[in-house]
Amino acid sequence: MKIMIDYEKCAPCPELKCVDTCPWGVFQVGPDKKPRVLDAASCSQCGICENLCPTKAIKVKRKDFSST
């Protein structure tokens, strides 16, 4: 599993919804007022960050277990 943030799409939004709404505290605010992944291992893949991002800059790439 990997959390990807497209910083080209990610404008510093005043709400920082991804940081404030993540129930697992995966994100923190970076010095540029954009989200940074603090603890990807804690991500439960709930998709809240993807769904709430106004610019759709966040993607959670889930591991494909069907190929194992």
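The values are calculated or read from the model by the stated rules, or taken from the named source; none is laboratory data. Source: prediction; values computed, not measured. For neighbour counting, all protein chains shown are included, and Cβ atoms are generated from backbone atoms with ideal geometry for every residue, glycine included. Surface accessibility is based on the protein's heavy atoms, side chains included, excluding ligands, DNA and RNA. Shrake-Rupley method; radii C 1.70, N 1.55, O 1.52, S 1.80 Å.
Applying the selection to the stretch 49-60, what residues are open to solvent by 60 Å² or more (accessible area, probe 1.4 Å) and under 11 Å from residue 22 (Cβ atoms)? Answer for the stretch 49-60, where residues must be open to solvent by 60 Å² or more (accessible area, probe 1.4 Å) and under 11 Å from residue 22 (Cβ atoms): just 52. Based on what the data block shows, is residue 19 modelled with pLDDT of 90 or more and in contact with a Phe, Trp or Tyr (Cβ under 6 Å, 6 or more places away or on another chain)? Judged against the criteria, residue 19 is a match. Residues of the stretch 1-21 that are open to solvent by 30 Å² or more (accessible area, probe 1.4 Å), more than 11 Å from residue 55 (Cα to Cα) and part of a loop (DSSP other than H, G, I, E, B): 1, 14, 15.
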